[in-house]
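Structure first, commentary second.
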């Protein structure tokens, strides 16, 4: 129904992309994409550009609207070109206003995505890999070092052995800890280590 609404708006006279978007109820980027599909689209070339379709014979307009209606009605049937899934099994592959949201449908039966205009399969970007939080974030290290120095000791990390060395005045030998063991103590309990 959106294409026929856009076609009617274009026949009504010059309008900017924003005016067309407000009239049809789509994003500006989607309107720009749809405008590229019209062969006889006219533009004044101004800033912002206004677009319109030249008035045609009434029956040509009716043919165009009838064809768009037929296309929309056939989309109620199978729409996945890979597994013939129904429209209810399809969702936009991204947020509205993006290429994936406006032009790509994801089939939940076969897990494939396709371009709605060409039917060609689209490779979806892989999700961002979530970074694991560091085992010993710098702010926790700083708090532990400050607590140890306030007690008159030292806390150092030896890269070659990959061990933390805690030297307190009451200990004769340093307490050695792996990074995992170091992460289990906080700035209050580190002073209680033997």
Taking into account only those residues within segment 82-93 that are buried (at least 17 other Cβ atoms within 10 Å of the Cβ) and at pLDDT 80 or above, which is nearest to residue 29 (Cα to Cα)? 93
Filter segment 1-18 for residues that are at pLDDT below 80, in contact with a strand residue (DSSP E or B) (Cβ under 9 Å, 6 or more places away or on another chain) and more than 12 Å from residue 41 (Cβ to Cβ) and give the result. 12, 13
So residue 88 clears everything in (1) in a loop (DSSP other than H, G, I, E, B); (2) over 27 Å from residue 183 (Cα atoms); (3) over 17 Å from the mean Cα position of the chain (by Cα) except one condition, right? Which one? (1)
So residue 30 ticks every box in (1) within 17 Å of residue 117 (Cα to Cα); (2) surrounded by fewer than 17 Cβ atoms within 10 Å (Cβ to Cβ); (3) at pLDDT 85 or above but one. Which box is left unticked? (2)
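The values are calculated or read from the model by the stated rules, or taken from the named source; none is laboratory data. In this text the structure is predicted, and so the values were computed from the model without any measurement. Using ideal geometry, Cβ is built from the backbone for each residue, glycine included, and neighbour counts are taken over all protein chains shown.
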